[in-house]
Amino acid sequence: MPELTLDRISKHFKNKIAVDNVSLSLSEGVYGFLGANGAGKTTLLRMICGVLKPTAGEIRCNGIEIGKLDGDYRYLLGYLPQDFGYYPDFTARRYLEYLAACKAVPQSLAREKVQEMLSLTGLSGDQKNKIRTFSGGMLRRLGIAQALLNDPEILILDEPTSGLDPKERIRFRNIISSLSKGRIILLSTHIVSDVEFIADKILLMKQGRIIQQGTVAEVTESVKGKVWEYLAEPAAAIQMNDCFAVSNLKNEGDLVRLRLVSDKRPCEGAVLAKPGLEDVYLYHFEEVSEHVDNLERRTL
């Protein structure tokens, strides 16, 4: 089982700092990289894959810099980028057989491995169909299948459920959860539910930095005392929605129940609520201008 060490990794593109001095130690388990688009998640994963070289810092696998491991390191990797390449007129089986050859999977094992991956991802019944006929969910499952062909010990998934419907997202999460034993799985997303139920550790990334990390329980504990619920008149609900990070609005008769995140009590009558991972996301990534002074001492 490999161990990955990121030692003060940075990546600069001209005048932009995409990743800024990130240090991490990664071992067996599922790591959910959570952050808004443009936070630096994809750049960080591409450096871990060896696709990009860091501007500064070093990435080591079992104590050895990954550039020195070369092919030995690539053999440990399975990678599903946001947009993976495929040949639309290939069938699913032919595509996986072709990639098995590219990944130097022994010919004696390739056919068996292809069938195993088709079964795992629920594509056995579609293996003779051309890829251009596949839905978005089927394409993402095919992407997982190709990433697993060489039985990687490090699996890197970049926005794997983007554009999928809820049913396909759940199916995808279940596949990832079933693969977590004995692997390092890095899953980058901005969809909270994709990692809330399967990640062993959450890493919040903002403006190129890891701003917080821990289990779901540890991360959500950090916003304890900052999540509120309030029953408001409709006009006041609109005003509060403009001023605070609001995660939910629900009509209850003539009133509106709001759930929002704020360092201070947003107004008289607001009561504390149990925090969740979505509240953590809103607290760190939602851009709002809180006019608490105008609201906190009046009943809206």
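Which count do you get for residues in the stretch 66-92 that are surrounded by 20 or more Cβ atoms within 10 Å (Cβ to Cβ) and assigned to a helix (DSSP H, G or I)?
4
Being crowded, with 18+ Cβ neighbours inside 10 Å and closer than 23 Å to residue 112 by Cα is the filter here, so list the residues in the stretch 180-202 that pass it.
If the condition is that a residue be crowded, with 18+ Cβ neighbours inside 10 Å and closer than 23 Å to residue 112 by Cα, then 183 is the only one that fits.
Test residue 98 against the criterion of being of a type in the set (Phe, Trp, Tyr), more than 22 Å from residue 182 (Cβ to Cβ), open to solvent by 50 Å² or more (accessible area, probe 1.4 Å) and not in a helix (DSSP H, G or I), and give yes or no.
The answer is no for residue 98.
Quick check on the stretch 165-175. Is at least one of its residues buried (at least 20 other Cβ atoms within 10 Å of the Cβ) and assigned to a loop (DSSP other than H, G, I, E, B)?
Looking for residues that are buried (at least 20 other Cβ atoms within 10 Å of the Cβ) and assigned to a loop (DSSP other than H, G, I, E, B), one finds none in the stretch 165-175, hence no.
Yes or no: residue 132 within 17 Å of the chain's Cα centre (by Cα) and in a helix (DSSP H, G or I)?
no
Of all residues in the stretch 9-40 being of a type in the set (Lys, Arg) and in a strand (DSSP E or B), which is modelled with the highest pLDDT? Explain how you work it out, then say what you get.
From the stretch 9-40, those of a type in the set (Lys, Arg) are 11, 14, 16; that's our starting set.
Among the residues that remain, those that are also in a strand (DSSP E or B) are: 11, 16.
Details: 11: 97, 16: 93.
If we take residues in the stretch 9-40 being of a type in the set (Lys, Arg) and in a strand (DSSP E or B), then 11 is modelled with the highest pLDDT.
Quick check on the stretch 52-59. Is at least one of its residues within 20 Å of the chain's Cα centre (by Cα) and surrounded by 13 or more Cβ atoms within 10 Å (Cβ to Cβ)?
There is at least one residue in the stretch 52-59 that is within 20 Å of the chain's Cα centre (by Cα) and surrounded by 13 or more Cβ atoms within 10 Å (Cβ to Cβ).
Kindly indicate whether any position in the stretch 214-227 is buried (at least 22 other Cβ atoms within 10 Å of the Cβ), of a type in the set (Ser, Thr, Tyr) and touching a Pro at 6+ places or on another chain (Cβ under 9 Å).
no
Kindly indicate the residue of the stretch 111-137 that is surrounded by fewer than 19 Cβ atoms within 10 Å (Cβ to Cβ) and aliphatic (A, V, I, L, M) and also modelled with the lowest pLDDT among those meeting that condition.
Looking at residues that are surrounded by fewer than 19 Cβ atoms within 10 Å (Cβ to Cβ) and aliphatic (A, V, I, L, M), I get 120.
The values are calculated or read from the model by the stated rules, or taken from the named source; none is laboratory data. Because the structure is predicted, anything quoted here is derived from the model rather than measured. Virtual Cβ from ideal backbone geometry, glycine too; neighbours counted across all protein chains shown. These accessible areas exclude ligands, DNA and RNA; they are computed on the full protein's heavy atoms, side chains included. Shrake-Rupley method; radii C 1.70, N 1.55, O 1.52, S 1.80 Å.
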